[in-house]
Amino acid sequence: MKGAAHLGGRDLILILAGSTVLGMGIAWFASPQGLVTGGVSGLAIIAQEISGRLTGFSLPLWVSNLAFNLPLFLIGTRQRGLRFAEKSILAVLWLSVVLWACEQIANPFDVQGDLFLTCVFCGLFDGVGIGLVLRAGGTTGGTDLLAAILRFRHRGLPISQLILLIDGLIVCGGLFIFGAVRAMYAVVTIFIASRVLSTIVEGAATARAVFIFSDRAQEISRQIFDFLDRGNTGIPAQGMYTGREQTMLFVVVSRRQTETLRRLVKETDPGAFLVITDARETLGEGFGEYNPAAL
């Protein structure tokens, strides 16, 4: 398979480890206490609860995970090719295996129904798990992939707001199914997971400014458009020692996209020179919006 060369041993270990940790967080903490934290895992927990109430048979988490994710991968692959989704497909498949296994094994971290401890540990497991998968340049599918599909069809829609909207609707679904208390604990879980994920992936900054020096700037620019859906700017530059002129690319990406960008550049031009720095504030193009009232 042509895309397989992009999945190295390090990436494989990170994806398997991350999916394992995430699966434990979902099956052992989120699902038993009804913590709907968004994403496909949140939908799976809602589906499990509704099916149990209506039929007496709770739909297994691993079945819902596959049922919700596979159509999205088929659409995403059709839109952008196999390379766009290959690592994420592996993450989702292994996550389903882990969800099945964890439903057969008693939780060794028994929190005895304590909702606060549950949301803390769920946030830790989710943040570590997703963070490791993102470090490998993959995703766990779900809302990120759905937002990318919608953004591909409707270019004017900001992807960050799409993800927030979709996850928000799923959390609201959990509110109606499990009640306000568990919905509020789910919000605490989301906050903890986001902070842990930030630490694992790139640190606390929400965005990264990246400068790329390469003789293959045009090709790298196209990769950024195709795989990250980010605009970028070509700036004429000159090496003062060699006197050689070339194009420097400037792009701002989210922390989740930083590792993917790094790999895209290195795969396209192993000799490229990158400078990656924190962007303390970003306005427009899917990031923050200018608010004069805040001044």
> Looking at (1) open to solvent by less than 30 Å² (accessible area, probe 1.4 Å); (2) among the charged types (D, E, K, R); (3) modelled with pLDDT of 90 or more, which is the only condition Arg216 fails?
Replying inline: (1)
> Hey, among Ser51, Ser64, Ser19, Ser31, which residue is of a type in the set (Gly, Ala, Ser), open to solvent by less than 60 Å² (accessible area, probe 1.4 Å) and under 17 Å from Leu134 (Cβ atoms)?
Replying inline: Ser19
> Does Phe121 qualify as being over 23 Å from Leu12 (Cβ atoms), surrounded by 16 or more Cβ atoms within 10 Å (Cβ to Cβ) and not small (Gly, Ala, Ser)?
Replying inline: yes
> Among the residues of region 229-283, how many are in a loop (DSSP other than H, G, I, E, B) and either without any contact (Cβ under 8 Å) to a residue 60 or more places away in the chain or exposed (fewer than 14 other Cβ atoms within 10 Å of the Cβ) (or both)?
Replying inline: 14
> Could you count how many residues in region 54-83 are more than 15 Å from Gly142 (Cβ to Cβ) and touching a Gly at 6+ places or on another chain (Cβ under 9 Å)?
Replying inline: 5
> If you scan region 112-153, which residues turn out to be without any contact (Cβ under 8 Å) to a residue 24 or more places away in the chain and over 17 Å from Ala85 (Cβ atoms)?
Replying inline: Gln112, Asp114, Leu117
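Kindly evaluate Ile105 against the criterion of being without any contact (Cβ under 8 Å) to a residue 12 or more places away in the chain, open to solvent by 50 Å² or more (accessible area, probe 1.4 Å) and hydrophobic (A, V, I, L, M, F, W, C).
Here the answer is yes, as Ile105 does meet what is asked.
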>> When the residues of region 21-68 are narrowed to those that are touching a residue at least 24 places away in the same chain (Cβ under 8 Å) and on the phi > 0 side of the Ramachandran plot, which ends up nearest to the chain's Cα centre (by Cα)?
In response: Gly39
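The values are calculated or read from the model by the stated rules, or taken from the named source; none is laboratory data. All values reported here derive from a predicted model rather than from experimental measurement. Note that we place each Cβ from the backbone using ideal geometry, even for glycine, and neighbour counts take in every protein chain shown. The accessibility values were calculated without ligands, DNA or RNA, using every heavy atom of the protein model including side chains. Shrake-Rupley method; radii C 1.70, N 1.55, O 1.52, S 1.80 Å.
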